[in-house]
Amino acid sequence: MRRVLMVFVGVAVLSLSVFAAHHTVADQVIAVTKAQWAAEMKNDVAAAMKNVADDYTEFNPDYPTRLDGKELSVTLAEAFSEGSGNLVAAEMANPKVQVYGDVAILSYNFIGAAKNKDGEIESVKAKSTRVYVKQGGQWMLVHANFAPVGD
């Protein structure tokens with residue numbers, strides 16, 4: 001009986017460890033995403049792109065093709081940081097992180113606000129998926145898909 005109890009306790013501790021590790025990864029990936037948004041709101045492109053991999057790819061509703069490479073994303077981010085439409089608020093609804101070893105998939109609904117060229121606030125919303133890979137101890141964004149939400 002004592003042996004069965006020890007096995008049960010061991011399994012329970014291991015299960016809690018796996019659960020805690022998954023939540024730690026989820027918290028880390030969500031924190032990296034929110035840090036990127038905060039940097040974007042400050043128009044700090046370098047900080048926003050800190051955790052973006054060199055071979056990053058992206059689908060978004062603004063372009064009819066996949067965007068390939070961090071360099072292109074930096075160029076576009078720099079151009080947009082100087083124009084109107086500055087992001088002033090960003091929130092994540094319904095986040096879900098799926099962890100597969102050193103890969104984490106974050107899906108969520110983006111809810112934000114942007115100031116247009118006339119100073120008016122407009123809502124920004126999207127269905128979003130980000131794929132992160134742990135490289136050199138950091139969670140790096142390797143792919144994202146941002147899709148519009150129908151009105």
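Please treat every number below as a calculation from the coordinates, not as lab data. From a predicted model like this one, the values you see are computed outputs, not experimental measurements. FYI the Cβ positions are ideal-geometry reconstructions off the backbone, even for glycines, and counts take in every protein chain you see.
Let me understand the range 96-151 better: what is its radius of gyration from the alpha carbons, and its Dmax, in angstrom?
Every Cα atom of the range 96-151 included, Rg and Dmax give 14.8, 46 Å.
Give, as ranges by residue number, the residues of the range 119-151 whose backbone N falls under 16 Å from the point 7 Å along Cα→Cβ of Gln28.
131-142
Output wanted: per-residue J couplings in Hz (rounded whole) for the range 127-139, from phi through Karplus 6.51 cos²θ - 1.76 cosθ + 1.60, θ = phi - 60°, x for Gly and Pro.
9, 10, 9, 10, 10, 10, 10, 7, 10, x, x, 10, 7
The range 24-93: which GluC sites (Glu not before Pro) are DSSP loop and have at most 16 other beta-carbon atoms within 10 angstrom? Intermediate results must be reported in sequence, preceding the final value.
Working: sites: Glu40, Glu58, Glu71, Glu78, Glu82, Glu91; in loops: Glu82.
Here the GluC sites (Glu not before Pro) that fit, given the DSSP loop and packing criteria, are Glu82.
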